[in-house]
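Below is one structure, written out as structure tokens, with a few remarks after it.
The values are calculated or read from the model by the stated rules, or taken from the named source; none is laboratory data. What you see is a predicted model; the values in this text were computed from it and never measured. No Cβ is skipped: glycine too gets one built from the backbone with ideal geometry, and neighbour counts run over all protein chains shown.
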Amino acid sequence: MFAKKITDIALENLDNGEDIIKTAKRVLVSEKDGAPNFRMRYFTIEPGGHSPWHSHDWEHENLFVKGKGLMVKEDEEIELEPGMFAYVGPNEMHQYKNPYDETFEFICLIPVPKK
């Protein structure tokens with residue numbers, strides 16, 4: 001058992017100048033910490049930034065905690081704000097964007113891959 005501040009965890013810049021822009025994450029809890037089932041990550045998307053347009057074989061859950069952003073689906077964009085949450089099912093195409101003037105931050109939970 002442990003408790004830490006988000007800022008105690010190193011920020012990993014994900015920006016590759018192409019499909020990921022102005023986006024970073026902190027891995028708060030993972031199997032490296034002894035968590036057998038879930039990874040908890042904290043994403044930060046700066047104004048003008050976005051995650052890649054992608055899908056994956058696993059679900060994830062998000063809790064939006066700071067700023068505003070957009071969750072992009074194949075046929076819709078949903079405006080997000082603090083206090084909202086989202087579920088993305090396996091193999092659903094999605095992307096997060098920040099077209100606003102302040103940093104957009106959210107928690108993302110995913111399952112630990114089974115070996």
(message) Exactly one condition in (1) under 13 Å from the mean Cα position of the chain (by Cα); (2) of a type in the set (Phe, Trp, Tyr); (3) not in a strand (DSSP E or B) is false for residue 58; which is it?
(response) (1)
(request) Scan (1) closer than 18 Å to residue 103 by Cα; (2) in a loop (DSSP other than H, G, I, E, B); (3) in contact (Cβ under 8 Å) with a residue 24 or more places away in the chain for the single condition residue 10 breaks and write down its number. (result) (3)
(message) Can you find a residue that is among the hydroxyl-bearing types (Ser, Thr, Tyr), surrounded by fewer than 17 Cβ atoms within 10 Å (Cβ to Cβ) and out of contact with any Phe, Trp or Tyr (no Cβ under 9 Å at 6 or more places or on another chain) anywhere in the range 23-37?
(response) no
(request) Starting from the range 35-47, keep only residues that are over 9 Å from residue 111 (Cα atoms), then list their pairs with residues that are of a type in the set (Lys, Arg) and outside any strand (DSSP E or B) whose Cβ atoms are within a distance under 6 Å, requiring at least 6 positions of separation or different chains. (result) none
(message) Please go through the range 1-18 and give me each residue that is farther than 23 Å from residue 61 by Cβ and surrounded by 10 or more Cβ atoms within 10 Å (Cβ to Cβ), ordered by number.
(response) 13, 15, 16
(message) Suppose we filter the range 66-91 for residues that are outside any loop (DSSP other than H, G, I, E, B) and either free of Cβ contacts under 8 Å to residues at least 24 places away in the same chain or crowded, with 16+ Cβ neighbours inside 10 Å (or both); how many remain?
(response) 10
(request) Could you tell me which of the residues 22, 32 is basic (Lys, Arg), in contact (Cβ under 8 Å) with a residue 40 or more places away in the chain and over 15 Å from residue 107 (Cβ atoms)? (result) 22
(message) Residue under question is residue 61, and the condition is that it be surrounded by 11 or more Cβ atoms within 10 Å (Cβ to Cβ), under 20 Å from residue 110 (Cβ atoms), of a type in the set (Asp, Glu) and at pLDDT below 95; does it hold?
(response) no
